[in-house]
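Some notes on the structure that comes next.
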Amino acid sequence: MNYSEIAFSDASKRFQERYGSRASYARMEQYKITDGLTESEVDFISHQDNFYMATIGESGFPYIQFRGGPKGFLKVLDEQTLGFIDFGGNKQYISVGNLATNNKISLFLLDQAAKARLKIYAEAEVLEIEGNEQLFDKLNLEGYKFKPERIIVLNVKAYDWNCPQHITERYTLEEIRDEFMAQHEYINKLRAEVAGLKKRLGE
């Protein structure tokens, strides 16, 4: 499905018309149709260690939850399906409770270092681990400590990339450490070369 078909309400379109963007978005609605996730989305998702997930409660209010884990904990099962293990947490069960009455869901994946963000609309299926052991094995995370409570499968309906405007660049400790380590190794290499030159010159 085209992302804008879901995202753009009649009211949104009126604002677009008012502020001069309606013509370009109308073309997007007509032509920008993607049949499943492409290699770009799959690669991006596989490198993320967090995302934001929005559900709708019976009150009509949205609820946004932060989800974190090791890189790739949100897994691409195929070009139209994502899945992840629902970790045990504070036991409020707001998101899973919302999904019991409305399975529509929105994900927001943000990579601040790359200044990239991916928005996904999906329909969620909440599964018990018992009886779905084979799927659990596909989603399981080696070397990461967590308490699994259930499985959530997301049937992707549409997605879109946001522009990088106004995204503040931020880096993880791992990314900073890797960068400094490369510099440290380069400095050590230069020191060794200088020491070798001094030795040959008899200093």
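The table below gives the values:
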item: Theoretical ellipticity at 222 nm over the chain - DSSP helices of four or more residues, -39500 (n - 2.57) apiece, nearest 500; result: -11000 deg cm²/dmol
item: Modelled FRET efficiency - R0 30 Å, Gln80 with Glu179, Cβ distances, 0.05 increments; result: 0.25
item: The chain: C-alpha gyration tensor shape, a/c 1.5 cut-off, then a/b vs b/c; result: oblate
item: Stretch gain in nm, segment Ser40-Asn103, where the contour uses 0.36 nm per residue and the Cα spacing is subtracted; result: 20.1 nm
item: Most mobile of Glu133, Glu17, Glu193 in a GNM of the chain (Cα contacts under 10 Å); result: Glu193
item: FRET efficiency estimate (nearest 0.05) - Cβ-Cβ, His166 to Asp49, R0 22 angstrom; result: 0.50
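Quick note: the coordinates plus some simple rules give every number you see, no bench work behind them. Quick caveat: nothing in here was measured; it's all calculated off a predicted structure. Note: ideal-geometry Cβ built from the backbone for every residue, glycine included; neighbour counts use all protein chains shown.
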